[in-house]
Each structure stands twice: as C-alpha cells, then as structure tokens.
1. How many residues does segment 288-322 hold that are closer than 28 Å to LEU344 by Cβ and among the charged types (D, E, K, R)?
2. Sort out which residues of segment 89-107 are under 35 Å from the mean Cα position of the chain (by Cα) and open to solvent by less than 60 Å² (accessible area, probe 1.4 Å), and write them in order of number.
3. Are any residues in segment 292-311 open to solvent by 20 Å² or more (accessible area, probe 1.4 Å) and touching a residue at least 12 places away in the same chain (Cβ under 8 Å), and if so, which ones?
4. Which one of these is of a type in the set (A, V, I, L, M), touching a helix residue (DSSP H, G or I) at 6+ places or on another chain (Cβ under 8 Å), farther than 30 Å from GLY347 by Cα and modelled with pLDDT of 85 or more: ALA130, ALA145, ALA193?
5. Surrounded by fewer than 22 Cβ atoms within 10 Å (Cβ to Cβ) and in contact (Cβ under 8 Å) with a residue 12 or more places away in the chain: which single residue out of GLY315, GLY289, GLY325 fits that description?
6. Looking at (1) among the aliphatic types (A, V, I, L, M); (2) buried (at least 16 other Cβ atoms within 10 Å of the Cβ); (3) modelled with pLDDT of 85 or more, can you tell me which one LEU379 breaks?
7. Which fully enclosed helices (runs of 4 or more DSSP H) of segment 291-391 have 2 or more residues being within 30 Å of TYR101 (Cβ to Cβ) and aromatic (Phe, Trp, Tyr)?
8. Yes or no: segment 329-341 includes at least one residue that is at pLDDT 85 or above, hydrophobic (A, V, I, L, M, F, W, C) and surrounded by fewer than 23 Cβ atoms within 10 Å (Cβ to Cβ).
Amino acid sequence: MTTYTKNSLLNKKIEESIPVPRKTHFQEAWVLLKENKLAFLGLLIFVLFFFTAVAGIILTSGSAPYLNPSTIRLQEKLQPPLSNPNLKTLRPEETPKLGIYLFGTDDLGRDVFARMLQGAWVSLTVGFVAVGIAVLIGIFLGGIAGYFGQNHIHLDHILIALVLFTGAVLLFMGNRYLGVITLLPGIAYIIYALLLKKRSVKKDRSIWLQMLHKKAISIDTLIMRIVDIMLCFPSFFLILTVVALLPASIYNIMIVIGLTSWMGTTRFVRAEFLSLREQDFVTAVKALGISNLRIIFRHMVPNAIAPVLVSATIGIATAILTEAGLSFLGFGVPPPHATWGNILSDGKRFIFDAPWLTFVPGFAILIVVLSFNLFGEGLRDALNPKLRERY
C-alpha cells in the first residue's frame, strides 16, 4: 500500500472521528419549512402582508395622510382599476398620489387601493390581538388543568365564588347597598377560613365546616367541562350576539373574538402539560424545591409552546375571517374606518356594474387566509419531532 493511500485512509478516519455539529431544533425546523414549498410561500405572503399593513397605517393615518381613504370624488365614482383620473374635474388635494386608480373607485369615488391599505392594518391588528388574548387565556387555563388538575375544588369554594359573583353583578347593575351586603359574608368567610387554616387542623373543625369543605369537583374536570360548554355554542353567532349588544368598536371586536376562541389552545396546553408533568426533568426540579410557578413558566411552557404556535397561526386566519364576516354584516369596525369586510359589503350592490369592488377584497381575504393556513400546516410539520432528521 502506497504512502498516499495510507494518508488518505488516515485522513478519512480522522474526519469520521470528528463529531459533526448537531443542528438546533430551530435550524431543523427551518430546513423542513423551506423544503415545504407551499408553507414557505405562505410565510412569504404573510411577511408581505405584514409590511403592507404597516405601510397602510403609515400612509393612511394622521390629519393629512399621504393616501386618504375617505376622500370623496362623486364625479369619479365606479372607475375601473388602472383608470386615469379626470384632472379637469378634481381639486389638487383630490388627485390620487399614484396618478391612477390602481384598484378603481367605489360608489362615492373613494380610492379602493387606499381603503384596502387601511383595511389591511385593521385585519392584521384584529388577528394578532384577538389571537394573543386567546393564547394567554388558553395557556393559563390549560396550564392549570394540566399541572394542578388532580387537585379538587371544595364545596365552600363554589359557594363563596357564587356569593362574590352575585355581589359583583349587583354592584355592576348599580344596586350598591344590596351588592355590599352580599359581598360582606363572602369576604368574612374567606378571612375566617384563612385564619382557621393557620391555627387548626381538619379534625378540630366542626361537622358543618367539614361538610362545607368536602371535595366537589377536580380542577381539571371543571375547566374541561367549561371548554365543552363553550364548544357547544356556534362561535360566530355567539360573537355576533355579543357584538350587537356592545358599542361598535375595533377594540370590542378584538376582545370578543379573543374571549370566544381560547378553547383549542387550552386543550393543546393541557395535553402537553399532562405529558410533561410525568417527565424526569420535572420530577428533578420538584426534588430541588423549585416553586410551581417557576416549574410551569421556566420548564414546562417552553416545551409545550410548539402546538400553541401552530394553533395561533391558524387562529389568526380565523380571526381575520370572523372580522371580515362581522364587517360584511354591518357589525364590525364602524365607518369611516375601512375594512376588507365593509369594502366587500359595499361592493355587493354593484356586483355587475363594478365587480372589482367585490373581487379585490375577496381575493385579498382569500390569499391572506390561505397563506396563514399553509404556513400553519407547514409549521406543524416542522415542529413535529418525529419528522425531524437526526444529525
């Protein structure tokens, strides 16, 4: 065997003995996401939508916006896309900044492109804020159900909660005297129970206190039954009813959508917590005397966040669709703010005379919602440890 061959074999053995650096979970997920062409396309559309929405709030807000979505030009109404304005009939401030009506004009002569930009920011805000509220509630309730679910709620806890809730409702309705009278016994019992807990044990309590302190229902059962009850209601009609009773506002829309869409996140987090609670690392940190809050937020939530991210990504698309549906029915963001839903609603009267008023916001909603769904599905595959390649 020649010296060159010996050296080649030696170099090959040395290269094989050197450990190849293992990719991080983020790098593995990114590789899988890039290999999924549809998911990566959805991510690119999402990024484009985000920057479009940011540009929209910059260009269409303020006392003198660069693109004014509320400028009325009755002489230029129902102009088709890419049409040129009639400069002879327009004042200088009414002239479109782009020189053309990129997406045409509506029945009042307002620039549809400017209104679509303003509506993009509304859709983005509603989607992210509503999903943020739902995720926070879902992580909180799911974490409690998964970590403390085996603990029980006692009968006196339920009775005191009902008394305090009744007193709060009476105060909210303006009946202060009756509300305070109802709250005082509940507060007094809480103070008495805390003092009794410090200086006595269960066998020293009277038979009445022992009866009140009987176990009624586990925390996990209570939370999951609330989830089941919420899932029994048709979400859109529940949102529609609540929004109809509240003043029309973008903030009310975001809060209501968030408060009615946390059930899926709660189930995901609970399932992950039930699995993680029995893992060795959780047992180890418990043995070290780490507090429950630190165990939950430092060790368990980061390991349970993957399905939550997938649910949140798809939830943004659902929130955008819900807001568009509410605005289409006239229960969404009030005028003069433009949303894709009310642009679509205004255009339905001119479906044959000015079809672009329907097609432009309709295709925008379709593309954005589809991109979020594709990205969410790709994110689900990328974050699934069974699909990652091991290096």
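The values are calculated or read from the model by the stated rules, or taken from the named source; none is laboratory data. In this text the structure is predicted, and so the values were computed from the model without any measurement. When we count neighbours, we look across all protein chains shown, and the Cβ atoms used for this are built from the backbone with ideal geometry, even at glycine. For accessibility, only protein heavy atoms count, side chains too; no ligands or nucleic acids. Shrake-Rupley method; radii C 1.70, N 1.55, O 1.52, S 1.80 Å.
1. Taking segment 288-322 first, the residues closer than 28 Å to LEU344 by Cβ are 311-322.
Narrowing the set further to residues that are among the charged types (D, E, K, R) leaves none.
Looking only at that region, the number is 0.
2. Matches in segment 89-107: TYR101, LEU102, GLY104, THR105, ASP106, ASP107.
3. Of segment 292-311, the ones open to solvent by 20 Å² or more (accessible area, probe 1.4 Å) are 292-294, 297-299, 301-303, 305-307, 309, 311.
Correct list: ASN292, HIS299, VAL301, ASN303, ALA306, PRO307, LEU309, SER311.
4. ALA145
5. Only one candidate qualifies: GLY325.
6. Condition (3) is where LEU379 drops out.
7. The helices (runs of 4 or more DSSP H) meeting that bar are 356-382.
8. no
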